[in-house]
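Worksheet for the structure shown next.
Read-outs throughout are calculated quantities, based only on the coordinates presented, and are distinct from any laboratory measurement. Given the structure is predicted, the values throughout are model-derived calculations rather than measurements. With ideal geometry, Cβ positions are generated from the backbone for all residues, glycine too; neighbour counts draw on all protein chains shown.
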Amino acid sequence: MRFFIDECISPTLSQHLNQKGLHDVIHPRDRSRLRDPDHVVFARAIDEDRIIVTENADDFRKLAGAVDLHPGLIILPSVAREGRTAHGPSDRTLEEGGRRTSARPGGQLRVDHLGRG
């Protein structure tokens with residue numbers, strides 16, 4: 001899977017996931033693009049077919065709601081920086097929009113499609 005890790009999340013997460021070889025992951029620091037406006041980040045993610053991983057729920061939900069199709073949006077809960085490991089929170093799960101996304105130790109992201117009941 002191809003991911004864009006937003007600048008509000010540590011770049012060590014993208015480095016870790018890339019080292020595992022399981023995903024194609026970039027962070028704004030990888031491309032000297034820190035402080036790009038969210039609409040520029042979102043457009044670039046669409047152009048590159050990358051799922052955005054962010055803690056910035058409000059802005060990216062608005063952008064995603066304004067288009068018919070996009071690669072995906074994973075919104076992680078905002079966690080105090082002191083509570084993170086070097087690779088982000090050690091285990092967290094988010095359920096939204098019929099999908100459950102889990103970030104686990106070892107560099108794996110898991111997306112499960114949930115049945116609608």
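Here are the numbers for this structure:
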| read-out | value |
| --- | --- |
| Charge dipole (debye, nearest 20) of segment 2-82; +1 at Cβ of Lys and Arg, -1 at Cβ of Asp and Glu | 200 |
| Contact order relative to length of segment 2-82, as percent, for alpha carbon pairs under 8 angstrom and 6 or more apart | 31 |
| For segment 1-60, Kirkwood radius (reciprocal of mean inverse C-alpha pair distance, Å) | 11.5 |
| Net charge contributed by nearby residues that have their C-beta within less than 15 Å of Glu48 (K/R +1, D/E -1) | -1 |
